[in-house]
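Inspection log for the structure reproduced underneath, given as structure tokens.
Any read-out appearing in this document is the output of simple, stated calculations on the displayed coordinates, not a laboratory observation. Bear in mind the structure is a predicted one, so any value in this text is a computation, not a measurement. Cβ placement follows ideal geometry from the backbone for every residue including glycine, while neighbour counts extend to all protein chains displayed.
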Amino acid sequence: MNVTVHDLGRYECEKGAFTDFPLTMEADESPPRLAAFSKWRTDDGHIRRRTVDGVSYADITHQDRVWTYRLSPAYTWEPSPSGGFFQWPQFFDVGELPD
């Protein structure tokens, strides 16, 4: 998914603005609809990544409920001096909760 990196931890894509997935959430707080999932951050087992039929997911357990995000690799486009574009992979995946 093509993203714009505004600052470390603040991003935007065609589906909206989002931030890194929070390290902690309040008891009555729902997970965000869009979130960045670092490929390197450790999460003490709260985030479980899995792949089913070539599609990547992140399962989040919060308040005894599991929230499943569909993951898409994040990348940015940069103009090339030759007139094309470079596609640069980012250090995170974009996670989206289903409607």
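Details
- Sites listed here are GluC sites (Glu not before Pro) in the range 12-52 whose DSSP assignment is loop and whose Cβ has at most 10 other Cβ atoms within 10 Å: Glu14, Glu26.
- Of the chymotrypsin sites (Phe, Trp or Tyr not before Pro) in the range 1-67, the ones in a loop by DSSP (not H, G, I, E or B) with at most 16 other beta carbons within 10 Å are Trp40.
- Our coupling estimate for the range 90-96, obtained by passing each phi through the Karplus curve with A = 6.51, B = -1.76, C = 1.60 and θ = phi - 60°, is 9, 8, 9, 10, 8, x, 10 Hz, Gly and Pro reported as x.
- Computed magnitude of the charge dipole of the chain (debye, nearest 20; Cβ of K, R +1, Cβ of D, E -1): 300 debye
- Here is the tail figure for the range 55-97: Cα pairs spaced more than 18 Å apart come to 48 percent of all pairs.
- Here the chain yields Rg over Rh of 1.01, to two decimals, using C-alpha coordinates and the Kirkwood radius.
- Between Ser30, Thr4, Ala17, the Cα set farthest toward the positive side of the dipole of the chain (charges on each charged residue's Cβ, about the Cα centre) is that of Thr4.
- The stretch between Trp77 and Lys39 holds 11.7 nm of extra length on full extension. This uses 0.36 nm per residue minus the Cα-Cα distance.
- Here the range 32-75 is treated as a sphere whose radius is the Kirkwood value from Cα pairs; by Stokes-Einstein at 20 °C and 1.002 mPa s it diffuses with a coefficient of 190 µm²/s.
- Placing unit charges on the Cβ atoms only, positive for Lys and Arg and negative for Asp and Glu, gives the range 8-51 a dipole magnitude near 360 debye about its Cα centre.
- Scanning the chain for trypsin sites (Lys or Arg not before Pro) in DSSP loops with at most 15 neighbouring Cβ atoms within 10 Å leaves 42-99 as the longest stretch between them.
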